Amino acid sequence: MPKYSIVVPFHNEQENVTALYDRLKAVMEQIGDSFELVFVEDGSNDRTYKLLEEIAAVDSRVLVVKLRRNFGQTSALAAGFDHSQGEYILAMDGDLQHDPNEVPQFLAKLEEGYDVVSGWRKERIDNMVMRRIPSRCANWLMAKLSGVDIHDFGTTFKAYRREVIQNIPLYGEMHRFIPALASWYGASICEIPISNITREKGKSHYGISRTFRVFFDLLTIRFLLKYMTRPLHFFGVFGALGVLGGSGISMFLLVLKLITRQHVMDQHGPLFVIAGVLILAGIQMLAIGLLGELQVRHYHQSSHRAPYAIDRLVRLRNPEEPSMLHEG
C-alpha cells in the first residue's frame with residue numbers, strides 16, 4: 001500500500017497530461033516514499049484519455065479512473081479519493097497551474113500532524129474584475145459563515161489524511177468546502193502559500209457563472225455545518241413562529257368578534273387571511289423539519305451513492321508484466 005496518493009482530475013487537458021506526469025513523477029521519486037498517481041479522466045472529448053492510458057501502460061504506480069461522462073470537478077475528485085490507497089492524499093488540478101514542486105510542502109505539513117493542508121494563492125495573477133474580486137468576496141463569506149479562518153477555499157491544491165477525507169461526502173461544488181466540512185469533524189487545518197501560475201496551454205474551464213453556483217453551495221454549507229444532524233431546530237423555529245403568530249392573530253380576531261359582534265371578514269379580511277397563511281406555513285415548516293430528521297436518520301443508516309459512474313479502471317498489473325487491468 002502506498003504512503004502517498006496524488007489525485008488529479010483531467011478534463012480536456014491533452015496539452016498538459018504528459019508534462020504534469022513527468023514533473024509529478026520526478027518530485028515524488030525525490031521524496032523517496034512509496035506513492036501512486038490517481039488520474040481521473042472526467043469525460044474529455046480530446047486525446048486526454050489515450051495519453052493517460054499510455055502512461056498507465058508503462059508505470060504501475062499510475063491508476064487511471066475513466067468516468068462515463070463529464071461529472072464535474074467535485075465528482076471527479078470523489079472518484080479519485082474513493083480509489084486511492086495512500087495514507088496521505090493530495091489533490092491538484094491537471095492544468096499545470098499547480099506547481100508539482102510545491103507538493104513536498106503539503107506532505108511535510110501532514111507529517112507534522114495536520115489533518116488538512118490547504119493552498120493559499122497569496123499573490124493572485126487572475127483578471128481583477130472577473131476572478132480576483134469575486135473570489136475575494138466569496139472567500140471572505142466562506143470564512144465568516146464556516147468559522148474556518150483560511151484565505152483561499154477555491155483552490156483544489158490541498159492535502160488530507162485518509163481518515164479525514166473518507167468521512168466527507170462530495171457532490172455539487174462541495175470540494176471547495178472540504179476544510180469547512182472537515183472542521184465539523186474536528187480536523188486540524190493549516191494553510192500554506194502557493195504560487196499562482198498562468199495557464200500555458202489549453203483553455204480554462206472557469207468562468208463568472210461558477211460564482212453564482214458557489215453562492216448557493218455556500219448557503220448549503222452554512223446549513224449543513226450548523227443543522228446537519230438537527231434540521232428540525234432550523235425549520236422548527238420558523239414553523240413555531242408562524243403557528244404562534246397566526247394563532248395569536250386568530251385569537252385576537254375571535255375575541256374581537258365575541259366582544260364587538262363585528263363581521264370579521266368584512267372588517268378585518270386581510271388580517272384573517274394573514275393569520276391563516278401563517279398557521280399553514282408554520283405547519284409546513286414543522287413538517288419539513290420532521291422530514292429532514294427522517295432523512296438524517298436514513299443518511300446515517302444507509303450507504304452513500306457515489307456521485308459518479310466508472311467506465312473503467314486502468315492500471316499496470318506489475319512492473320514485469322506489461323498488461324493492463326481494465327474494469328468496466
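For Glu191, the residues 5 or more places off, or on other chains, whose built amide H falls under 5 Å of its own are Ser118. Which shape class applies to segment 1-114: rounded if a/c is under 1.5, otherwise prolate when a/b exceeds b/c and oblate if not, where a ≥ b ≥ c are the square roots of the Cα gyration tensor eigenvalues? Prolate.
In this structure, the amide hydrogen of Phe35, modeled 1.01 Å from its nitrogen in the peptide plane, lies closer than 5 angstrom to those of Lys3, Tyr4, counting only residues at least 5 positions away or on a different chain.
Please go through the residue pairs Lys25/Lys109; Lys3/Lys158; Lys3/Lys25; Lys109/Lys226; Lys109/Lys144; Lys25/Lys50 and name each one whose alpha carbons sit more than 23 Å apart in this structure. Please list the in-between numbers first.
Working: Lys25/Lys109 20 Å; Lys3/Lys158 16 Å; Lys3/Lys25 15 Å; Lys109/Lys226 28 Å; Lys109/Lys144 25 Å; Lys25/Lys50 19 Å.
As for pairs spanning more than 23 Å Cα to Cα, those are Lys109/Lys226; Lys109/Lys144.
Computed from backbone phi, the HN-Hα couplings of segment 10-26 come to 10, 9, 6, 10, 4, 6, 10, 4, 5, 5, 5, 4, 4, 6, 5, 4, 4 Hz, rounded to whole numbers (Karplus: 6.51 cos²θ - 1.76 cosθ + 1.60, θ = phi - 60°; Gly and Pro given as x). Under 5 Å from the amide H of Val40 lie the amide H atoms of Val8, Phe10, Val65, each residue being 5 or more positions distant or on a separate chain, with H modelled from the backbone and absent for Pro and chain starts. Once a ≥ b ≥ c are taken as the square roots of the eigenvalues of the Cα gyration tensor of segment 1-47, is the result rounded (a/c under 1.5), prolate (a/b larger than b/c) or oblate (a/b not larger than b/c)? Oblate is the answer for segment 1-47, as a/c is 1.5 or above yet b/c matches or exceeds a/b.
Could you order Trp120, Trp140, Trp184 so the one with the most accessible surface comes first? Probe is 1.4 Å. Numbers along the way, then the final one.
Details: Trp120 60, Trp140 150, Trp184 100 Å².
Reading off the accessible areas and sorting them downward yields Trp140, Trp184, Trp120.
Residue-wise HN-Hα couplings along segment 34-41, as the Karplus relation 6.51 cos²θ - 1.76 cosθ + 1.60 with θ = phi - 60° gives them from phi, are 5, 8, 9, 10, 9, 9, 9, 8 Hz; Gly and Pro carry x. Per-residue Karplus couplings for segment 67-83, computed as 6.51 cos²θ - 1.76 cosθ + 1.60 with θ equal to phi - 60°, are listed in order as 8, 6, 8, 7, 9, x, 5, 4, 5, 5, 5, 4, 4, x, 5, 5, 9 Hz, Gly and Pro entered as x.
The values are calculated or read from the model by the stated rules, or taken from the named source; none is laboratory data. Here the structure is a predicted model, which means the values were calculated and not measured. Accessible surface areas use protein heavy atoms only, side chains included; no ligands, DNA or RNA. Shrake-Rupley method; radii C 1.70, N 1.55, O 1.52, S 1.80 Å.
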